[in-house]
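The values are calculated or read from the model by the stated rules, or taken from the named source; none is laboratory data. Just so it is clear, the structure is predicted and the values come from calculations on it, not from any experiment. Here the Cβ positions follow ideal geometry from the backbone for every residue, glycine too, while neighbour counts run over all protein chains shown.
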Ligand code: SF4
Ligand code: SF4
């Protein structure tokens, strides 16, 4: 993984993203790493790290973030949201980053066409990992009522 280079940092980037999803959805991140620890994609893609991506957004690393393949690997499963002590929903940040990357020409159609092929695998991986974790009682959170409803043991 490359070192973080701040020479081209753009402080407006954090505001751009915050305008879309709300400033309070990014700023409270204190880099605890719980999101990265539970992320099912991280288990198979070593460089994918939601904690680091949030940090890069906060630091204003627009070009590096929007041109990174890694923003496409989030399967939007919300496992990280369930454990984040600050209530940050990385899936929303990822969705906005993907949209910006397309709108500003950071991503080529060729890449998206190729990525579709592994997207189904990632989504299936996330679904299965999350289901198993909820069943095992990993999430005690009220944030995932739909999953708890489907996995609650009958007494
Ligand atoms: S779990 Fe939440 S507070 Fe912790 S690093 Fe991830 S986003 Fe930031
Ligand atoms: S939404 Fe799922 S895949 Fe995306 S960063 Fe969070 S845990 Fe990982």
For the stretch 20-29, check the following and say yes or no: at least one residue is closer than 29 Å to residue 120 by Cβ, more than 10 Å from ligand 1 (Cβ to nearest atom) and crowded, with 19+ Cβ neighbours inside 10 Å. no
If you go through the stretch 139-151 one residue at a time, do you hit one that is modelled with pLDDT under 90, within 14 Å of ligand 2 (Cβ to nearest atom) and assigned to a helix (DSSP H, G or I)? yes
Which pairs have Cβ atoms under 6 Å, sit 6 or more apart or on different chains, and link a residue in the stretch 44-57 that is touching a residue at least 24 places away in the same chain (Cβ under 8 Å) to one that is away from ligand 2 (no atom under 11 Å from the Cβ) and part of a loop (DSSP other than H, G, I, E, B)? 47/1; 54/29
Identify all residues within the stretch 27-60 that are assigned to a helix (DSSP H, G or I) and over 16 Å from residue 74 (Cβ atoms); write none if there are none. 58, 59
Regarding the stretch 61-76, can at least one residue be identified that is modelled with pLDDT under 90, in a helix (DSSP H, G or I) and either within 16 Å of ligand 2 (Cβ to nearest atom) or in contact with a strand residue (DSSP E or B) (Cβ under 8 Å, 6 or more places away or on another chain) (or both)? no
Could you list all residues from the stretch 85-95 that are near ligand 2 (Cβ under 9 Å from one of its atoms) and assigned to a loop (DSSP other than H, G, I, E, B)? 89
Name the residues in the stretch 107-124 that are crowded, with 18+ Cβ neighbours inside 10 Å and either more than 17 Å from the chain's Cα centre (by Cα) or more than 21 Å from residue 52 (Cα to Cα) (or both), would you? 107
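Just need a number here: residues in the stretch 69-83 that are more than 17 Å from residue 129 (Cα to Cα) and either free of Cβ contacts under 8 Å to residues at least 12 places away in the same chain or within 16 Å of ligand 1 (Cβ to nearest atom) (or both).
So the answer is 2.
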Restricting the stretch 96-106 to residues that are part of a loop (DSSP other than H, G, I, E, B) and without any contact (Cβ under 8 Å) to a residue 40 or more places away in the chain, the one farthest from ligand 2 (Cβ to nearest atom) turns out to be 105
For the stretch 14-26, indicate whether the set of residues that are under 25 Å from residue 130 (Cβ atoms), part of a helix (DSSP H, G or I) and within 13 Å of ligand 2 (Cβ to nearest atom) is non-empty. no
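Quick check, is residue 117 at pLDDT below 90, out of contact with any helix residue (DSSP H, G or I) (no Cβ under 7 Å at 6 or more places or on another chain) and more than 30 Å from residue 30 (Cβ to Cβ)? Step through it out loud before you land on a result.
Values: at pLDDT below 90: yes; out of contact with any helix residue (DSSP H, G or I) (no Cβ under 7 Å at 6 or more places or on another chain): yes; more than 30 Å from residue 30 (Cβ to Cβ): yes.
Yes; evaluated as a whole, the condition is true for this residue.
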